[in-house]
Each structure stands twice: as C-alpha cells, then as structure tokens.
C-alpha cells in the first residue's frame, strides 16, 4: 500500500505557534514501524509543478506566492510566515495527493500523510492552506485521461470552503463537506452538499448524517475516484473542533466511508486534513487509525 509523506519539508515555526506541525513526523514514524507499507511503498512525493497547480489556482497568486510577494494581509490569512520552504512544503503536500490518487487508481487505496488543504482558494491561501491539493490532484487525473468524475468527501470539522469555491460549477467533481455550523470559516461557500453540525454533536448524530450524506453524494456523482479528508478535528478533545465525537466514533466514520467506497469499487485517496488536540498523540492516533482501517479493508501490503 503506497503512502506518501512530506514532513521533511515541514517549516520550523515559532514556539507556541498553534499549528501542530510535529504531528506529521510522528505519524510517519507510526507508519514506518507498522506493517502497513511494503518495501519502497512509503515515499516522498514529487513536488506539484506550476502546470499542475494552475489547474486550480490563478497564475497571479502562484507567481506572487513563489516570489514572496504576498501582502502582509495575505500572509496573515494563511497563518504561516512566508518562506521558500513553505512553498516547497505546499508543493509536496499537493504532490502527495497526486501520487496517492495515481496509486489508488492502480491499487484501490493510497494515502497522503499530509494534504487536506481545503481552505485555499484559486486566488489566495487561508487557514494554514497555501495550495488546495484535492482540486489540483483531481484535475491532474482528468488531464491525464484517467478519470472523468470524482467526489471529495470532506469530514474535517471545518468546511472545505476553498474546494467548494474552486470547483463551483464543475459538474465533474462533487464536493461533500460535513462540518461544524458555527466553526471556521465563518463565511461558508456552497458545496454540492453541505451538512452543518451543531456544537457538541456526538457520535450517533455525526454518523447518521455521514451515512446519509455519503450515499447521496455517491448517487449524485457516480465517481471513478474519491478523495477522503479524514480530519482528526471532530474529536471531542480537539481544541478547535467544538464537536463531541469520540475516537470510536471517528473509527466508525472511517469504516463507513472506506467500506462503502470499497464495496462500490471506487478507488480512494485518503488525506489527513486537520487535527489540533492539546495532546498531539490523540491527533496522531486518530490519523493512524484511518490508515489502519484502510489497510484492513484493502488487504495486506505488498511484500508483507
């Protein structure tokens, strides 16, 4: 099972910065010590090229981002201080989702240990997101002639507003976002299907909404590829989540999504998206459970 990681390109942040970048290296270490990947299947992705990024983003934004010419307001909106390393990291995160999509189309499932940068719009970054990996990857698959239709199943606690905006009017890519009604972003875009959850939503209601939304999304989109944003931030212990979903509830979420896609023979690329628990080990455990569940459903790794 091919898994892509780009934590070697994570930028150093000032002490006390609220984005837990360490989760990426911790997650890779967990995958390395598991039996999930066969020999050579845990790999660093290629960086997304300008041509690939421009399938989802405006040229002016890309060129100014590369050159370090974003305004102070634009940089604050992203949340990271600008650096060449930030751009490289963002390219690798998108390249990881491209690689995961290619591997999923070949073997049914793959994962990117980053990605889920769903707040980036065509013309700007936002919410720790510089380039939006899912639209970039889907449009690369379409450009290569590998798929015509795809679905983005976004279960991060924050709406995939950038994805909804970029893909608005594109009937070939269905966007499904299930998120907190009162959480960031406070101005929501219109996905093809949005399910808004009240603060404090618990397992049963979360999972009932997921099952309904997933069935509706797949019926409407008839996809040949799915990208699944398996955010860890609906977790009850997440400091930015505002929901009350347990670890068991999130494990059941993974089972519902991945088993449904497997049973319908829809290849799936899983990306990690958000997770902000005060105890970063909780975030890593939830992400790792998503990958383990997918490995269980898609068989043993090659060479294992």
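Before moving on, here are some points about what is shown:
- Per the conditions (1) at pLDDT 95 or above; (2) buried (at least 18 other Cβ atoms within 10 Å of the Cβ); (3) out of contact with any strand residue (DSSP E or B) (no Cβ under 8 Å at 6 or more places or on another chain), the sole criterion not satisfied by residue 251 is (2).
- Residue 146 meets each of the listed conditions (1) in contact with a strand residue (DSSP E or B) (Cβ under 6 Å, 6 or more places away or on another chain); (2) over 23 Å from residue 59 (Cβ atoms) apart from (1).
- Among (1) touching a helix residue (DSSP H, G or I) at 6+ places or on another chain (Cβ under 9 Å); (2) touching a residue at least 60 places away in the same chain (Cβ under 8 Å); (3) buried (at least 24 other Cβ atoms within 10 Å of the Cβ) - the single one residue 104 does not satisfy: (1)
- Of all residues making up region 132-157, the number that are surrounded by fewer than 24 Cβ atoms within 10 Å (Cβ to Cβ) and part of a loop (DSSP other than H, G, I, E, B): 6
- None of 181, 114, 120 is in contact with a strand residue (DSSP E or B) (Cβ under 8 Å, 6 or more places away or on another chain) and free of Cβ contacts under 8 Å to residues at least 24 places away in the same chain except 181.
- Search result, residues across region 200-225 that are touching a helix residue (DSSP H, G or I) at 6+ places or on another chain (Cβ under 9 Å), buried (at least 17 other Cβ atoms within 10 Å of the Cβ) and part of a helix (DSSP H, G or I): 203, 206, 207, 210, 214, 218
- Per-region count, region 254-278, residues in contact with a strand residue (DSSP E or B) (Cβ under 6 Å, 6 or more places away or on another chain), part of a loop (DSSP other than H, G, I, E, B) and within 20 Å of residue 238 (Cβ to Cβ): 2
- Candidates 97, 49 - the one that is at pLDDT 95 or above and either farther than 24 Å from residue 24 by Cα or within 16 Å of the chain's Cα centre (by Cα) (or both): 97
- Condition check for residue 121: over 15 Å from residue 274 (Cα atoms), surrounded by fewer than 22 Cβ atoms within 10 Å (Cβ to Cβ) and within 15 Å of the chain's Cα centre (by Cα): yes
The values are calculated or read from the model by the stated rules, or taken from the named source; none is laboratory data. Just so it is clear, the model here is predicted, and its values are computed rather than measured. All Cβ positions, glycine included, derive from the backbone under ideal geometry; neighbour counts span all protein chains shown.
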